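Below is one structure, written out as structure tokens; comments come after it.
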Amino acid sequence: MMNIPLNVDAVISDPNTDTQIVILKDKLNLDILPIWVGMAEGNTIRFALEGISAPRPLSHDLLQDLLEQLNVQLEKVVIYDISENTYYASLHLIQNRPKNPDEVSDKVLDVSEEQTVDARPSDAIAIALRMGIPIYATDVVLQKKGSENLDHWLEKLKPKDFGPYDA
């Protein structure tokens, strides 16, 4: 299985539902991965895209601060599966530990093995954007997402459907 790097291109409102669609694209714009998310999740991703900070920490800000305090590095997020129109994602984490417990210095770190944590794609995307971490989808996900209905829906979108937040 191969991981394909993706960028968040836009967050748009679905004109047919009360949801938003996160549009992910590869660097060559050959693959498009639309993921439907709730209104709150879409707004959180949009805030991260636009660099907007809330007056108080949002859940993703809290997670970022927690990871930093625990000396855990988020390496990447991967959207790794789709089943019955539900996407699955994981956070790939590395715990940095002092080589010598008596020496707590940034220069004396031993990197341990990577751990993965299951996450909703909307949460994984939001934290990745806040932390500047790469987002990937597996080639299997990009193959499975293709369907006539999705392609037909995407063709019917008009520029106004993208709203003022087109990135």
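The values are calculated or read from the model by the stated rules, or taken from the named source; none is laboratory data. Model, not experiment: these values are computed from the prediction. Backbone-built Cβ (ideal geometry, glycine too); neighbour counts: all protein chains shown.
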(message) Taking the condition of being in contact (Cβ under 8 Å) with a residue 40 or more places away in the chain and either touching a strand residue (DSSP E or B) at 6+ places or on another chain (Cβ under 8 Å) or assigned to a strand (DSSP E or B) (or both), how many residues in segment 42-62 meet it?
(response) 4
(request) Tell me, please, whether a residue that is within 24 Å of His92 (Cβ to Cβ), among the acidic types (Asp, Glu) and either crowded, with 19+ Cβ neighbours inside 10 Å or at pLDDT below 90 (or both) can be found in segment 13-21. (result) no
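Does Asp18 satisfy the condition of being acidic (Asp, Glu), assigned to a helix (DSSP H, G or I) and over 12 Å from the mean Cα position of the chain (by Cα)?
Numbers: acidic (Asp, Glu): yes; assigned to a helix (DSSP H, G or I): no; over 12 Å from the mean Cα position of the chain (by Cα): yes.
Answer is no for this residue.
At pLDDT 90 or above, farther than 26 Å from Asn3 by Cβ, out of contact with any Lys or Arg (no Cβ under 8 Å at 6 or more places or on another chain) and in a helix (DSSP H, G or I): which single residue out of Asp65, Asp123 fits that description? Please lay out each step first, then the result.
Values: Asp123 fails: farther than 26 Å from Asn3 by Cβ.
Answer to the check: Asp65.
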(message) I'd like the full set of residues that are closer than 16 Å to Ala128 by Cβ and surrounded by fewer than 21 Cβ atoms within 10 Å (Cβ to Cβ), limited to segment 28-51.
(response) Phe47, Leu49, Glu50, Gly51
(message) Which of the numbered conditions does Leu66 fail, given that it passes all the others? Conditions: (1) surrounded by 17 or more Cβ atoms within 10 Å (Cβ to Cβ); (2) among the aliphatic types (A, V, I, L, M); (3) more than 12 Å from the chain's Cα centre (by Cα).
(response) (1)
